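Notes for the one structure printed next.
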Amino acid sequence: MNWKRDFNWAGAVELNREALNRIVAALFAMLGLDGTDKVSRIPPKLHRAVLQVLRPAESAVRRLIVIAARGIVVKLVPSRPMPKGHRIVKGGASRLPAFRLFDPRKSFPELRQRRVTYAKNPPRIHVFPYDSMVAVPQPAAVPPAPPDGLVNGARITRRLQALKSALDDLPRQAKRLVRATARREKVPRLRFQSPLRPGQPPGHRKKPIHEIDEILAECHGLARWAMEPDTS
């Protein structure tokens, strides 16, 4: 018996999709939104509370897309050069951003630090008199934070809307992922080709404190299993 082939992948996706839809609806309710409008400024405590659930929810949806993409084959359309005189015009803040299909990679700044080595002969540095120095324009001062004690909620709202849009159309997102992965495979010496980063997913917590933690753990395990090669 082939457990992987006989597993009800569609049922697992739908079960977790419904649970994630409930969580997304609760996040919109926390922000006082109906799913289409936006909020500009929110209290910091509310911002942290929403972000605490939004991050693992994004990771869980990303893994649902990986599961939904299992077995999908798409034909890549060859890219064409931009016609002369045309340019790409961004849709601006009114356009809903596409859901991010690939995990953000972990940052290890300490590993990127390079030891500074000096040449045998130190560089010659000449200090000019103050009068001969050219005045360098100073950067503009950062405007002070508004006195209302609130933080910008526009970005977190757009992330939540993109998450809802992806949940509402997982088959389309799965095809996007297959196309994006196929393009990455053609890039020579690309270090990361998998949509899932190594180790634990973004938003993972060792001690679950919310329903989303259990959903993320289940989606992560299923996605890893779906990505394993079928040896039967």
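At a glance:
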{"read-out": "Residue check, GLU185 more than 19 Å from the chain's Cα centre (by Cα), within 25 Å of GLU14 (Cα to Cα) and either loosely packed, with under 14 Cβ neighbours inside 10 Å or touching a residue at least 12 places away in the same chain (Cβ under 8 Å) (or both)", "value": "no"}
{"read-out": "Subset of the stretch 40-57 (residues that are under 18 Å from PRO146 (Cβ atoms) and surrounded by 17 or more Cβ atoms within 10 Å (Cβ to Cβ))", "value": "ILE42, LEU46, HIS47"}
{"read-out": "ILE215 vs. criteria within 14 Å of PRO56 (Cβ to Cβ), modelled with pLDDT of 95 or more and hydrophobic (A, V, I, L, M, F, W, C)", "value": "yes"}
{"read-out": "HIS204, sole failed condition from (1) in contact with a Pro (Cβ under 9 Å, 6 or more places away or on another chain); (2) within 17 Å of MET227 (Cβ to Cβ); (3) modelled with pLDDT of 95 or more", "value": "(2)"}
{"read-out": "Candidates PHE28, PHE7, filtered to the one that is over 26 Å from ARG205 (Cβ atoms), surrounded by 13 or more Cβ atoms within 10 Å (Cβ to Cβ) and of a type outside the set (Val, Ile, Thr)", "value": "PHE7"}
{"read-out": "Restricting the stretch 4-40 to residues that are small (Gly, Ala, Ser) and not in a helix (DSSP H, G or I), the residue that is modelled with the highest pLDDT", "value": "GLY32"}
{"read-out": "Residues of the stretch 42-79 that turn out to be under 18 Å from the mean Cα position of the chain (by Cα) and within 19 Å of ALA25 (Cα to Cα), as a count", "value": "16"}
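The values are calculated or read from the model by the stated rules, or taken from the named source; none is laboratory data. It should be emphasised that the depicted structure is a prediction, and the values quoted were computed from it without experimental measurement. Positions of Cβ are generated from backbone atoms using ideal geometry, with glycine treated the same way; all protein chains shown enter the neighbour counts.
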